[in-house]
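Report on the following structure.
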Amino acid sequence: MTRTKPLHLVVLAALGAALAWFLQTALAASGNAIVLPPVTLAFALALIGGIVVLMALPVRRVSRRVEGATVDPFYATRVVMLAKASSLSGALLGGAGLGITAYLLSRSVIPGVGSVAMALASTVGAIILLVGGLVAEHMCTIPPDDDDPREGRPDPRGLS
């Protein structure tokens, strides 16, 4: 499995912002109430980000060859997949939070401070989830072997 690329995160954040803006505009144009994320969403996203990092700790101990540390390979696979999913969903939800915030601030009628604060709080929670996913993904990487004969030499196929 490859590491999460920054371009993928930026694209997902832009997609989330555009979709949130479009949804808010469509709801307002049809006369319905717009969507405001609850403040509990921010806490839940931040909590999930922290839990993902805690789940990656046993995998990190094994990958750093700590004496007596063992982990089930299926657990390690699940943790790294959860970490990648967390970073991608954090980017998407963070973009959506920014899209909602931008929509609220672009209206001619000034929104209440609470609605903008809730949108910003969900953005912060999503960013914590994104960072937690990236940290957990980094914790699950295996360092290169010291006795790898190809280390430091370019790949003969040019694939590096």
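Read-outs: derived from the displayed coordinates by stated rules, not from any lab. Values in this document were obtained by computation on a predicted structure and should not be read as measured data. Neighbour counts run over all protein chains shown; Cβ positions are idealised from the backbone, glycine included.
If the chain linking R3 and R61 were pulled fully straight, counting 0.36 nm for each residue of separation and taking away their Cα-Cα distance, it would gain 19.0 nm. Rounded to 0.05, the FRET efficiency of the V11 and A85 pair, given R0 = 25 Å and the Cβ-Cβ distance, is 0.95. Shape analysis of region 28-135 based on the Cα gyration tensor places the equivalent ellipsoid semi-axes at 38, 11, 9 Å, largest first. Helices assigned as whole DSSP H runs in the chain whose Cα atoms extend at least 15 Å along their own long axis and whose mean Kyte-Doolittle hydropathy is 1.6 or higher are found at 6-29, 39-63, 113-139.
For region 54-95, the convex hull spanned by the alpha carbon atoms encloses 61 Å³ per residue. Computed from the C-beta positions of D72 and L23 and an R0 of 35 Å, the FRET efficiency is 0.30 to the nearest 0.05.
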